[in-house]
1. Please state the charge dipole magnitude for region 63-201, taken about the Cα centre, from unit charges on C-beta atoms (+1 on K and R, -1 on D and E), reported in debye and rounded to the nearest 20.
2. Mind checking the log10 I(q)/I(0) for region 124-166 at q = 0.18, 0.29 Å⁻¹? Debye, one equal scatterer per Cα, no solvent, two decimals.
3. What's the extension gain from V162 to D126 if we count 0.36 nm per residue and subtract their Cα-Cα distance?
4. Could you work out Rg/(2.2 N^0.38 Å) for region 79-195, with Rg from alpha carbons only?
5. Order the peptides 182-191, 124-133, 87-96 from the highest to the lowest mean number of other Cβ atoms within 10 Å of their residues.
6. Among residues other than G148 whose Cβ falls under 10 Å from its Cβ, what is the net charge (Lys/Arg +1, Asp/Glu -1)?
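Read-outs throughout are calculated quantities, based only on the coordinates presented, and are distinct from any laboratory measurement. Model, not experiment: these values are computed from the prediction. Neighbour counts run over all protein chains shown; Cβ positions are idealised from the backbone, glycine included.
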Amino acid sequence: MRRLPLLLLLALPLIGCPPILRGGDDDDATVDDDDDDATADDDDTTPPGPTDDDDVGDDDDVPPPDDDDTPPEPLSGDVGYGYYFGECGGACRGDLVIEAGSDVALTVSDWNGDVYFGGVTALTGDGTGELLSTLLQLDSDTLQEVHGCPDCADGEYVTFPVEDSEWRSDYEYGDPPPELAALDAVMDAIVAELIACDFDFWLQAFPDCVPL
């Protein structure tokens, strides 16, 4: 029988040993402590993407408030309106007062003070907003205390706050000056809705309303 060389015999144990017993490189191990080659390590983990503020529920994604839903500002003072008929019997005059808190009171009476209609209610939110918008367009510097000759027959008047005082203008019935035409139309609409008890845009309904 042929004998193997001595050096080859001495090398056989090393040839048959597993790599880990031969002092194998950590880079060749399937799972080891080498962060470079490990399957689940810090270097090989896919980093999370940057957070996009536009894609998350932050202030940028919150819709702005709807102006239509914002409650209107209260009136800064009382607003008044009235009409009167000179040669008349019965319900000859009406006086409307809209208080700063938007409460509305209308009294229709004769010249002796007998009341034919009395109602107390409040403006709606839309009504308050429309009235405020109309008042903001007024320029009291262009107004006069008396326009035309309201005392000659029939007349109307409006009152509204100007700074720390109250302004009043009287004018002929159905013929307001151009500066007061918009406010006159608003007040006429409020009175008409109230005395008809037909509450729609301007006023909140109140129970037991009896049309005039």
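1. Values: 2 positive and 32 negative charges, 77 e Å.
So the dipole magnitude of region 63-201 works out to roughly 360 debye.
2. Treating every Cα as an identical point scatterer, log10 I(q)/I(0) equals -0.71, -1.08.
3. 10.7 nm
4. Working: Rg = 13.9 Å, N = 117, 2.2 N^0.38 = 13.4 Å.
With N residues counted in region 79-195, Rg over 2.2 N^0.38 Å equals 1.04.
5. Ranking the peptides 182-191, 124-133, 87-96 by packing returns 182-191, 124-133, 87-96.
6. Numbers: positive: none; negative: D151, D170, E172, D175.
Charge balance near G148 sits at -4.
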